[in-house]
1. With a cap of 13 neighbouring Cβ atoms within 10 Å, and only residues DSSP puts in a loop, list the trypsin sites (Lys or Arg not before Pro) found in the range 377-459.
2. Can you give the net charge of the other residues whose Cβ lies under 10 Å from the Cβ of E310, counting K and R as +1 and D and E as -1?
3. Along the Cα→Cβ direction, 7 angstrom out, place labels at K725 and S193. What is the inter-label distance in nm?
4. With all protein chains present, calculate the accessible area of W187 using a 1.4 Å probe and round the result to the nearest 10 Å².
5. Indicate the gyration tensor shape class of the range 84-196 (rounded, prolate or oblate), computed on the Cα atoms with a ≥ b ≥ c the square roots of the eigenvalues: a/c under 1.5 is rounded; otherwise a/b larger than b/c is prolate and the rest oblate.
6. Which far-off residues, 5 or more places away or on another chain, put their amide H under 5 Å from the one on T519, with H placed in the peptide plane?
7. So how do F510, F72 rank on accessible area, 1.4 Å probe, biggest first, that is with the largest at the start?
8. Using R₀ = 30 Å, calculate the FRET efficiency as 1/(1 + (r/R₀)^6) where r is the Cβ-Cβ separation of F643 and Y157; round to 0.05.
Amino acid sequence: MFVRVAIQIPSPKTFTYTVPEALIPSVSLGKRVLVPFGRRRVTGFIVEIQPEAPQDQELREIIELPDPEPLFDPDELSFYEWVSRYYLHSLGKVLGEILPGGIDVRSDRWLRLSGKAIDSEERLSVVQREILDRVGQCPEGLSLNRLRRAMGKKDLYGELRLLEMEDLVVSEERLNRPAVRMKKERWVHLNRSIAPRKDLTVKQRAIVTALGEGELPVAALNNRVRNAAASLRTMEGKEIVRLYDKEVLRHFGPVAEIGSKGNGIILNGAQSAALDEIRRYMASRRYSPCLLHGVTGSGKTEIYLRAVAEALREDGGVLYLVPEISLTAQLLTRICGRFPEGAIAVLHSGIPRGARYDQWRRIRRGEARIVVGARSALFAPVRNLRLVIVDEEHDSSYKQEDRLRYNARDLALVRGRLSQATVILGSATPSIQSYFHATEGRYRYITLPTRIDDRPLPKVEAVDMRFQRDDQGLTPLISRPLIDAIRETLEKRKQTLLFLNRRGFHTFLFCPDCGHTFTCPNCDIALTLHAAEDLLKCHHCDYTAKSAVCCPKCQGSRVRSYGAGTERVEEEVKQRFPDARIARMDSDTTSRRGDMERILRDLDSGRIDILIGTQMITKGHDFPDITLVGVIAADASLNLPDFRAAERTFQVLTQVSGRGGRGEEPGRVLIQTFNPGLYTITRAQGHDYAGFYADELPLRRQLGYPPFSRLIALHLSSLQREEGKRAVTRFGLEARNLAKMVAGSAVDVIGPAESPLPRIRGRYRWQLLLRGKEIRPLHQIAERLLGKGERNGLSIQVDVDPVSFM
């Protein structure tokens, strides 16, 4: 027997191995396999079982099969292969991204001293002497990776080869244990076939009594009978009990009770009509993409949950995607209040890797039929998939911006088509692309035009910051109308949400005497001040430095700040409202597991009066006591170099506005802006999606951007600026020649140009854009350009259907 194996390397090539006789019964498509690969041993994935070997090839044997059961089946493999082809990412790399993390077994090169005496240290270089010193400190050996980190050098091969030739160092390959493995627990079982014995001690009789109720984990038995472990060994020798290991599945953790469970809700007319239409599509058992367009607070979640119940009645499986981890807590309260907890699995990056691995296996076995999670949950091996829900489908968080640059919303449609399932894309502010497809008839269009119980949408007011001044005559961070509105809300004992999409205390520090800006040494971007920690931080590479009081360039002491972040907003609100209970929700305050749920629980229970946050507070949350929403800087996202800037600004303003007025009290929204007459602002004021779409679509058509074209971005980078610029210029010429050869004038090559963030993590960055009506020629050109970039000394990353251009 032979197997074709995908290995996690950039090449699309797969490799054939022979299967030893002893492993043939255990071989199955979808299992991991440990194989020799060059001088190493690595984990691969079986993607095909072949009865015959390829001709004229000398094949090596597989070493081990770590999994008792497959991680994917042929249908799921077909989907993963589609992902590999579409996003121009090797199948091995795709599988490594998709499957649970931390399960790989791989070998590493280890070094130890040979014991041979050194004749003369004068013949050794400084680096060689340091290698010998560090390896000598570890008698059991030192891995090459640890040695590289300790010395701060990547290329040590030349020095090591010379040390090995001198017989001073011995290297060997050792297997590293995977970080995530099956968890087992020791259990004890009473042997009832043996007659009761009279020679038992008091403790042994207590153990027999405890086990009379059934088998128990040894840890649980120890809680009942003190120090039972020693007695168990004696009893096992007398065959009174049997000790054995039992697999324990790690759960996704306790569900935080946040918000109402929503049971007993009576649908209004629009909800009933929408649900009936979705049920008809589900009953057809054909691929049915739907756009559920409902204003904020219109009851989309209730329709989702009733559609989930319909899928379960038909013995089907469900994928329920949300864009942010923060949304899963409130959603799980409702789902667990409606469906058996054992039927639910949760997958997202906030769950420990061991629990994610066990959840994956529960899903694969069909034990969990409802999978809830962020974008990576899309790949879960759901049995008999009947329904896919993509909530807040417009959200850019569905796009992964590194490694495998996939869009979970787009792939949800692909997965639904391959499974002949119903796909619901839901949003109050659908992406231009999705709404365009709905108007063209590619998606079924379902609308919820009003809020439940006929509650009014919040009143939205624009505060013109051009005419706002504080006591010093400067433009204030928080305008007088917003301060007055916060005070009124506090007096009514209601809650306020303040939104600003910037972390930190100030945007940056600068010296007004010489103009020096405090920037990151690794990235061409200003450092952000975090005043509570007295630190300057880079939000791109995590560089950190102490805040400065003197300019390092001119030694001047007039260091000033410019701009504002959530931390500064929090400070100013605390000064103005010292008795209010104020919290901040951004990536700094939610970095530890459980922080986000704690903040949302406090908001839900009324222990927070004012919540200040970034974009994570704008999405999907439903708290009835929030009656005031303030947008601190509505114009910030309008100035990004992105053709979707207006769309994203309209979406975030409409979404954050929709957090207000969801209870009995009407909501009010104040948007601080320097451009109150701009169509993006005025349409958001009127909750007018159709009007915004009518304004935006002609601009897209005129400029030739999606939905009227397809795009592939090529991100180029180099450690050397000048060499990189020359290589990028050559690359651009090759791209234009190739585009002309492949597609004539059907493909536009835009750039290459320096990226808006020209240096990140020490690498200089450029980007090139391929644009055309059809994706196929763009794929062909990008695929052929990949090798050319590497030959030019450039690192190149392909981004199909790009969302960010930073």
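1. Numbers: sites: R383, R386, K399, R403, R405, R409, R415, R417, R442, R444, R451, K459; in loops: R383, R403, R405, R442, R451.
Here the sparse-neighbourhood loop sites are R403, R442.
2. Values: positive: R279, R306, R313, R386; negative: E314.
Net charge around E310: +3.
3. Simple spin-label model gives 8.4 nm for this pair.
4. Taking all protein chains as shown, W187 has close to 40 Å².
5. Details: a/c = 4.05, a/b = 1.58, b/c = 2.57.
Judged from the Cα gyration tensor, the range 84-196 comes out oblate (a/c at least 1.5, b/c at or above a/b).
6. Distant-sequence amide H within range of T519: L527.
7. Details: F510 55, F72 0 Å².
Descending accessible area places them as F510, F72.
8. Working: r = 46 Å, r/R0 = 1.53.
So the FRET efficiency works out to roughly 0.05.
The values are calculated or read from the model by the stated rules, or taken from the named source; none is laboratory data. From a predicted model like this one, the values you see are computed outputs, not experimental measurements. Quick reminder, even Gly has a Cβ in these numbers, built from the backbone with ideal geometry, and neighbours come from all protein chains shown. Calculation scope for accessible area: heavy atoms of the full protein, side chains included, ligands and nucleic acids excluded. Shrake-Rupley method; radii C 1.70, N 1.55, O 1.52, S 1.80 Å.
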